[in-house]
Amino acid sequence: MRFLATLLLSAALSGAAAAEPVHGIAMHGEPALPADYLHFSYVNPDVKKGGAITYGVVGSFDALNPFVLKGMRSSARGLWDEVLGNLVIEPLMQRSRDEPFTLYGLLAESAEWDDDRSYVQFNMNPDAKWSDGEPVTADDVIFTFNLLKDKGRPPYNRRLNLVDKMEKVGDNSVKFTFNADANRETPLIFALMPVLPQHAIDPETFDTDTMTTPVGSGPYAITKVEPGQRIVYERRDDYWGKDTPSMVGFANYDTVTIDYYLQDSTLFEAFKKGAVDVYLDDDPSHWARAYDFPAASEGKVVKDEFHPKTPTGMQGFVFNTRRPKFEDARVRKALSDVFDFEWVNKTLFNNAYQRTQSYWQNSALGAYGNPASEAERELLGDAIDVIDPAILAGDYAMPVTDGSGADRKVLAAAVKLLGEAGYRIANGKMTGTDGKPLAFEIMTTNEGQEKLALAYQHTLNLIGVALSIRTVDDAQYQKRLNTFDYDMIVLLAPGFWYQSSLSPGAEQIWRWDSRSRDVEGTFNFAGVASADVDRMINDMLEARSTDHFTDSVRAFDRLLVNGHYMLPLYHREGQWVARWATIEHPDETPIYGYQLPTWWDQTAQ
């Protein structure tokens with residue numbers, strides 16, 4: 001018996017010893033960069049730091065706390081910002097934008113985990129400091145998780161639901177032991193969590209006093225705030241992480257200013273005058289015709305096109321299935337089919353766009369163009385019986401019209417499908433079995449969305465469906481999004497839309513899973529609650545091999561397309577960015593496209 005006990009103890013100690021600290025963690029496979037890497041491949045490590053940049057954004061802000069519901073969509077940009085950079089608040093580990101999903105050390109200099117990913121341990125960087133000089137510690141990590149559980153917004157307030165035990169290990173490490181609700185992506189999601197300073201936050205007022213200037217560990221500190229109009233950041237001379245490999249080539253400006261504009265047209269005028277240094281353009285007509293002003297003609301303004309290697313994602317009109325009128329998928333399909341993409345693309349966009357047919361189109365993960373394999377069919381199980389055979393075959397596509405704006409064949413097919421759902425045309429109106437006309441409202445926020453809504457309104461009128469358009473200001477839009485108070489919304493870039501990566505994961509829970517349907521502030525705008533969708537998300541998160549992962553994402557994609565939760569719009573090749581020539585960027589474009597935090601001011605002295 002004593003020998004057996006000794007043997008078991010030896011095996012346990014051997015297993016523990018096998019979990020060596022690593023410099024990076026990858027969702028599938030191993031990190032591409034070695035432990036002694038010096039910087040990411042897509043940065044300029046020799047950049048001359050200094051100078052300034054001014055970004056322009058449309059909207060307003062009334063909070064400096066992006067982690068609570070009150071500041072979720074109305075917090076100042078730049079504090080914790082995937083596009084403009086995490087200027088003030090930093091995560092435990094930094095994501096490489098040239099790998100599908102790999103993280104490298106930052107606040108945590110290393111991590112430890114087992115093959116089953118039943119736990120993860122973060123070993124804090126002893127050099128990490130807050131902007132007030134205090135060290136960043138494991139206690140801060142534990143404080144942050146507890147604080148966001150009690151006071152934070154989704155998804156941060158749900159993280160500890162996946163944890164059996166959170167404990168401090170040694171002098172400056174924190175270990176999370178996961179429960180049965182966690183999955184193989186959970187350690188990476190935890191590595192992307194923000195870390196907040198325990199000594200500088202009052203938990204009692206954290207979710208109410210949202211204009212308090214935060215103490216952060218990031219490379220910048222806030223120096224000026226004009227609520228709703230402007231926020232200014234100054235680079236910290238004492239930033240602890242400037243030589244950390246995952247931060248080399250980042251945070252290159254002395255000053256970062258973010259100005260707010262009520263309309264995109266006003267923002268562009270400011271860009272033309274040089275008040276804004278970079279303009280992210282997503283309008284083909286605008287990109288082709290709007291750059292005839294003197295600075296562009298003289299080469300002072302440069303137009304760049306970048307080519308990421310990511311899936312298309314999905315832009316489109318979203319049906320709120322919480323509304324009874326949209327409960328039937330046949331209704332959603334019929335209302336989607338009548339949108340005349342060919343007319344819109346020709347008339348509004350000079351045929352610049354391609355129709356989007358699935359959520360991971362243009363990648364191996366997408367269902368479109370890829371027939372379901374036997375393994376994928378097995379994953380789908382009984383759900384396969386309700387999926388359109390064309391979707392299973394990979395050749396399902398939205399109807400192609402004659403481009404007239406009134407294709408009778410397409411309209412007739414939609415009317416027939418609505419008839420199968422119990423509707424008929426009476427006195428020129430599409431009427432349900434309850435005698436009520438089919439009518440709904442679409443909420444828009446800008447002129448571009450209005451144009452699309454008007455085109456949609458035109459074709460719906462032809463089959464007796466009444467669409468009203470309500471344009472609201474940014475504050476009302478954010479509030480109604482948070483509470484799902486709408487019939488239909490438009491998701492378009494640059495803004496809220498469903499971007500797709502090569503490593504979809506837990507973010508899909510907050511977009512499509514039934515657990516997020518009735519939680520305010522999530523991104524489940526369509527109100528999806530499907531056991532099959534839930535099951536496929538979970539299978540995707542538990543996949544261990546690349547083949548299994550691909551099959552599960554394709555199956556998930558087919559379920560979303562078959563559900564007709566969105567009216568798919570379009571995509572185009574490349575990303576368009578205009579900049580004043582004083583702002584420069586690295587030569588290499590990573591997988592995920594341009595990365596603004598790696599750009600610099602070439603006039604820096």
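What follows draws every value from the coordinates through simple rules; no lab data is involved. Computed from a predicted structure; not experimentally measured. Note that we place each Cβ from the backbone using ideal geometry, even for glycine, and neighbour counts take in every protein chain shown.
So what's the stretch 47-186 giving for Rg/Rh, alpha carbon basis, Kirkwood Rh from the mean inverse pair distance?
In the stretch 47-186, Rg relative to Rh is 0.98.
Asp385 to Glu447: FRET efficiency via 1/(1 + (r/R0)^6), r the Cβ-Cβ distance, R0 45 Å, to the nearest 0.05? Each step should come with its number before you reach the end.
On the way: r = 44 Å, r/R0 = 0.98.
Approximately 0.55, to the nearest 0.05.
Quick check on the stretch 124-204: what are the equivalent-ellipsoid semi-axes from the Cα gyration tensor, as sqrt(5λ), descending, whole Å? Intermediate results must be reported in sequence, preceding the final value.
Numbers: eigenvalues 93, 49, 22 Å².
Three semi-axes, in Å: 22, 16, 11.
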Computed label-point distance, nm, for sites Lys48 and Asn161 using a 7 Å Cα→Cβ extension | 5.2
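How high is the relative contact order of the stretch 448-605, in percent, counting Cα pairs under 8 Å that sit 6 or more residues apart?
Working: 112 pairs, mean separation 19.1, N = 158.
It rounds to 12 percent for the stretch 448-605.
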May I ask you to list the aspartates and glutamates whose Cα is less than 15 Å away from that of Lys346, ignoring any residue fewer than eight positions away on the same chain?
-> Asp283, Asp402, Asp407
What distance in nm separates the simple spin-label points at Glu507 and Asn461, each placed 7 Å from Cα in the Cβ direction?
-> 3.8
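Need one number: the % of Cα-Cα pairs in the stretch 316-571 sitting beyond the 33 Å mark. All intermediate terms of the calculation are to be shown ahead of the outcome.
Details: 5792 of 32640 pairs.
That tail contains 18 percent of the Cα-Cα pairs.
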Between Arg323 and Arg408, the two model label points (7 Å from Cα along the beta-carbon direction) sit apart by a distance in nm of 3.1
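What does the extension gain come out to for Asp150 and Thr603, with contour length at 0.36 nm per residue minus their alpha carbon separation?
Details: separation 453, 0.36 × 453 = 163.08 nm, distance 4.62 nm.
Full-extension gain reported as 158.5 nm.
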PRE reach from Glu584 (point 7 Å along Cα→Cβ): which of the stretch 51-67 fall under 18 Å by backbone N?
-> 51-54
Among Gln476, Asn370, Ala421, the residue whose Cα sits farthest towards the positive end of the charge dipole of the chain, when +1 is placed on the Cβ of each Lys and Arg and -1 on the Cβ of each Asp and Glu, is Ala421
Along the stretch 90-98, Karplus-curve 3J(HN,Hα) (6.51, -1.76, 1.60; θ = phi - 60°) to the nearest Hz, with x for Gly and Pro, reads 10, x, 4, 9, 9, 7, 7, 8, 10
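Where a ≥ b ≥ c are the square roots of the eigenvalues of the C-alpha gyration tensor, would you call the chain rounded, which needs a/c under 1.5, or, failing that, prolate if a/b is larger than b/c, or oblate?
On the way: a/c = 1.81, a/b = 1.26, b/c = 1.43.
Oblate, because a/c is 1.5 or more while a/b does not exceed b/c.
Stretched out fully, how many nm does the piece from Glu20 to Leu262 gain, at 0.36 nm a residue minus the Cα gap? The partial results should precede the final answer.
Numbers: separation 242, 0.36 × 242 = 87.12 nm, distance 5.17 nm.
The Glu20-Leu262 span can extend by a further 82.0 nm.
Check every DSSP H run in the chain and write down those whose alpha carbon atoms cover 20 angstrom or more along the long axis and whose mean Kyte-Doolittle hydropathy is 0.0 or greater. It would help to have the intermediate numbers written out before the result.
Working: long enough: 2-18 (24 Å, 1.49); 447-462 (23 Å, -0.51); 546-563 (26 Å, -0.30).
TM-like helix candidates: 2-18.
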Distant-in-sequence amide H partners of Asn179 (H built 1.01 Å from N, under 5 Å) | Val163, Asp164
Under the Karplus relation 6.51 cos²θ - 1.76 cosθ + 1.60, θ = phi - 60°, what is the ordered set of whole-Hz ³J(HN,Hα) values for the stretch 353-359, x standing for Gly and Pro?
-> 9, 10, 6, 8, 10, 7, 7
Counting only residues 5 or more apart in sequence or on a different chain, those whose built amide H sits under 5 Å from that of Thr444 are Arg470, Thr471, Val472
Is any residue of the stretch 337-377 close enough, with backbone N under 18 Å, to a label point placed 7 angstrom from the Cα of Lys416 along the Cα-Cβ axis, and if so, which?
-> 337-339
Proximal lysines relative to Lys175, as straight alpha-carbon distance under 20 Å, when same-chain residues fewer than 8 apart are discounted = Lys149, Lys165
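Length gain on complete extension for the stretch Lys242 to Ser468, per 0.36 nm per residue less the alpha carbon to alpha carbon distance? Don't jump to the answer; show the numbers that get you there.
On the way: separation 226, 0.36 × 226 = 81.36 nm, distance 5.24 nm.
Contour length minus the Cα-Cα distance gives 76.1 nm.
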